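Here the structure is laid out as structure tokens; the discussion comes afterwards.
The values are calculated or read from the model by the stated rules, or taken from the named source; none is laboratory data. The model shown is predicted, which means the values in this text are computed figures rather than measured ones. Cβ placement follows ideal geometry from the backbone for every residue including glycine, while neighbour counts extend to all protein chains displayed.
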């Protein structure tokens, strides 16, 4: 049988060309998908900057709080928004998830009356700031974030709502490059302020960070993307949230000094 000594290298070269072409096509498609998602996100941002549409109609169907009901609103960004998708969110409890992925604290402040006060909860858990650090809606300083937090806290207290301040979460470059977008030093700075403010003003501080971190890193068994918990991460967070809620309710029942 005659053999063509050049057939092997030619076939190999053709295979490499086809593989490279397929990889380029996939990469190009991925870039187009990412661009389309970004355009859609920007469109929504221009149309509804505060995110009021997200829960607007759903809120109108929430009944009045019953006497003795410990209604709780989890109010924040990606961390709370994705809880429903990645893990069961407190089944059977009168807890309302009002997280919106991608939001910053000024956007949260815009929808605070609609998504918190109008629901008349006994407790609100506030958790936000990671997207401020990443400047998703423009430049933001820690001072600006603090002012937004203070405004939300004051609004809650004016309506008799107990406030729980939840820490920002750890990050890791596990799936995406998070440390370049959200420097750890800024996360530490916000968490230090939240803890100190809670202590000075008699609020409950909910330390999610400590339960999810291994040193300075998000535990890799508790996250898939280095930013948001996976099902195991939310499972670790749930009892901490329950304990913080119980502490906030107990504080509300203590007689004033």
### Task
Output the residue which, of all residues in segment 191-208 that are surrounded by fewer than 18 Cβ atoms within 10 Å (Cβ to Cβ) and within 18 Å of the chain's Cα centre (by Cα), is nearest to residue 148 (Cα to Cα).
205
### Query
So residue 101 fits all but one of (1) part of a helix (DSSP H, G or I); (2) modelled with pLDDT of 95 or more; what number is the exception?
(1)
### Query
Which number in (1) at pLDDT below 60; (2) within 17 Å of residue 137 (Cβ to Cβ) marks the one condition that residue 27 misses?
(2)
### Task
Filter segment 150-190 down to the residues that are within 19 Å of residue 245 (Cα to Cα) and within 16 Å of the chain's Cα centre (by Cα), then identify the one that is surrounded by the most Cβ atoms within 10 Å (Cβ to Cβ).
166
#### Entry: Conditions (1) free of Cβ contacts under 8 Å to residues at least 40 places away in the same chain; (2) out of contact with any helix residue (DSSP H, G or I) (no Cβ under 7 Å at 6 or more places or on another chain): number failed by residue 191
(2)
